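Encoded as structure tokens, the structure appears first; notes follow it.
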Amino acid sequence: MAAEPYSETIPVPASVRFPVELEPPEGFRPEEPASWPRIDGRLEWVGGRVLYMPPCGGIQQGVSVSVVGILDRWQDDHSEFFAGGNEAGMILGKDVRGAEGAVWRRESVLPLTGHYIHVPPILAVEVGGREEGEPELRTKALWYLAHGVAVVWLVLPKSRDVLVVTAGGETRHAAGDRLPPNPALPDLEPPVERFFRQLDPPPPAS
């Protein structure tokens, strides 16, 4: 049975720091998507706490769509992989996270169900936003690496660059660069500017 919406909300100052901890609803089970609170925004279960982030702003959602588009086009020619998006839900250890994009070997996630994936992806992608800048995303990247993820892309709209984080270190890439290839993800080396293509004004009509 789906969790009921929260019965009341209160205004908070604009300066509040997210994520905010929510009280789990009655019957909440982290592994069961239907038991999560019904609320506008993004939720994760980390360290035994339900963490809430408000819905994405325009910049973050536009870049997140580009992330999914990049992975989807790449997967067309690499059907041995499974690409997830839309807050791709995964249980790693006891925590539940949702990434803007992720890539798994297809055989590792089949058969697919309506539940969260329990296998660490090869790649996880996080996009910076109003509530999560580079410092917060660096912390997330370390969490992913500690839970078996091989590569993390931190896509940063504010500076329009991408930080690639692996157990061997990190590299930063700006417009004009391509992301470095990884042996586990053949041919996945998109140009950095492709992530930010929706942030510029459209070209003038001819």
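The values are calculated or read from the model by the stated rules, or taken from the named source; none is laboratory data. None of these values were measured; they are calculated from a predicted model. Heads up, the Cβs are rebuilt from the backbone with ideal geometry, glycines too, and the neighbour counts pull from every protein chain shown. When the accessible area is computed, the model is the full protein with side chains, heavy atoms only, and any ligands, DNA or RNA have been set aside. Shrake-Rupley method; radii C 1.70, N 1.55, O 1.52, S 1.80 Å.
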Suppose we keep only residues that are more than 22 Å from residue 188 (Cα to Cα) and of a type outside the set (D, E, K, R) within region 118-141. Which one would you say is surrounded by the fewest Cβ atoms within 10 Å (Cβ to Cβ)?
135
Of the residues 183, 201, 157, which single one is farther than 23 Å from residue 80 by Cβ and exposed (fewer than 12 other Cβ atoms within 10 Å of the Cβ)?
201
Give me the pairs, please: first residue somewhere in region 26-41 and acidic (Asp, Glu), second residue anywhere and assigned to a helix (DSSP H, G or I) and open to solvent by 40 Å² or more (accessible area, probe 1.4 Å), beta-carbon distance under 6 Å, and either six or more positions apart or on two chains.
none
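Can you list the strands (runs of 3 or more DSSP E) lying wholly within region 106-193 that have 1 or more residues being of a type in the set (Gly, Ala, Ser)?
Here the list reads 123-127, 169-173.
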Scope region 160-173; condition surrounded by 12 or more Cβ atoms within 10 Å (Cβ to Cβ) and of a type in the set (A, V, I, L, M, F, W, C); matching residues:
162, 163, 164, 165
Within region 79-106, residues being in contact (Cβ under 8 Å) with a residue 24 or more places away in the chain, surrounded by fewer than 17 Cβ atoms within 10 Å (Cβ to Cβ) and either more than 18 Å from residue 141 (Cβ to Cβ) or touching a helix residue (DSSP H, G or I) at 6+ places or on another chain (Cβ under 6 Å) (or both) number 5
Being farther than 19 Å from residue 117 by Cβ and surrounded by fewer than 17 Cβ atoms within 10 Å (Cβ to Cβ) is the filter here, so list the residues in region 66-78 that pass it.
73, 76, 77
Please go through region 1-24 and give me each residue that is at pLDDT 85 or above and either in contact with a helix residue (DSSP H, G or I) (Cβ under 6 Å, 6 or more places away or on another chain) or surrounded by 15 or more Cβ atoms within 10 Å (Cβ to Cβ) (or both), ordered by number.
22, 24
Taking the condition modelled with pLDDT of 95 or more and more than 19 Å from the chain's Cα centre (by Cα), does residue 186 pass?
yes
